[in-house]
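What follows is a set of notes on a single structure, which appears directly below.
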Amino acid sequence: MTTMKRVLVVEDEMKIARLVRDYLHQAGFAVLEASDGATALSLAKAERPDMIVLDLGLPGMDGLDVTRQLRASSAVPIIMLTARSEETDRIVGLELGADDYVTKPFSPKELVARIRAVLRRAEATIGGGEIVRAGAVEIDIPKRRVTVGDDPVELTGSEFDLLLVLARHPGRIYTRAQLLDAVHGVSFESYERSIDAHIKNLRRKIEPDPKRPTLLVTVYGVGYKFADA
Ligand code: CA
């Protein structure tokens, strides 16, 4: 028996809220609704939804504040709804721990697909496994060894760490700052572009066609993700 997943939709524009609610109902989700941040936080605490769809542009406490407060005590998956002009906020939101974003205007169908993908990822046991497999790539963590198919690949320490971060969570979008932080434990804006260089080298080593990457995927204006097989 599958239990119905419950999605909290936080959106102050009634038209969009209604559209999303109707679509989620049709797709078999139960829906909770809030039109401001404070209500969202108390509903999230009281009702423990499986997922939160969160508009960033809310009156009063904005979506980033809500994300920050949620993440202080909860790992509930969050998908942000953002305006095209909110690129910086989108990046900040991901760095605060939001899982994904959809840019307005969006198709409800796309939103449902993203919700399903994020829920799937949240449920997948990531585990502290010794070996991570993604596509043809196999990462042996204790031995710090990578193979593609049966061929061993020589990676630098930074390349290995970067690949490991991405491949552990296929489909999860990481900003350059997050990746830099994961690789070096520090993040300075001026060094963020060095991630691009590492990615380029990694692609040359593990992609079947580095010019058309299918494993290490660029998310324009944001960062990178490992392909969501
Ligand atoms: Ca809004």
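The values are calculated or read from the model by the stated rules, or taken from the named source; none is laboratory data. The model shown is predicted, which means the values in this text are computed figures rather than measured ones. No Cβ is skipped: glycine too gets one built from the backbone with ideal geometry, and neighbour counts run over all protein chains shown. When the accessible area is computed, the model is the full protein with side chains, heavy atoms only, and any ligands, DNA or RNA have been set aside. Shrake-Rupley method; radii C 1.70, N 1.55, O 1.52, S 1.80 Å.
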Q: Mind jotting down a quarter of the surface of the convex hull over the alpha carbons of the chain, in square nanometres, one decimal?
A: 13.8
Q. In the range 136-169, which GluC sites (Glu not before Pro) are in a loop and have at most 15 other Cβ atoms within 10 Å, using DSSP for the loop call?
A. 154
Q. Taking K and R as +1 and D and E as -1, what net charge do the other residues with C-beta under 10 Å from the C-beta of residue 6 add up to?
A. 0
Q) For the pair residue 27 and residue 181, what calculated FRET efficiency results from E = 1/(1 + (r/R0)^6), where r is the Cβ-Cβ distance and R0 = 35 Å, to the nearest 0.05? A) 0.50
**Q.** Total formal charge among the other residues, if their Cβ is under 14 angstrom from that of residue 47, Lys/Arg +1 and Asp/Glu -1
**A.** +2
Q: Using only the Cα atoms of the range 1-80, construct the convex hull and provide its projected area averaged over every direction, in square nanometres to one decimal.
A: 5.1
**Q.** Förster radius 35 Å - calculated FRET efficiency between residue 194 and residue 104 (Cβ-Cβ, nearest 0.05)
**A.** 0.60
Q: Show 107, 85, 74 ordered by accessible area, largest first, where the area counts protein heavy atoms only and the probe is 1.4 Å.
A: 85, 107, 74
**Q.** Residue of 110, 192, 11 that the Gaussian network model of the chain assigns the largest fluctuation, springs spanning Cα pairs under 10 Å
**A.** 110
Q: Given a cut-off of 28 Å, name the pairs among 109/211; 45/225; 109/205; 5/211; 143/200; 5/104 whose C-alpha atoms lie farther apart than that in the structure shown.
A: 109/211; 45/225; 109/205; 5/211
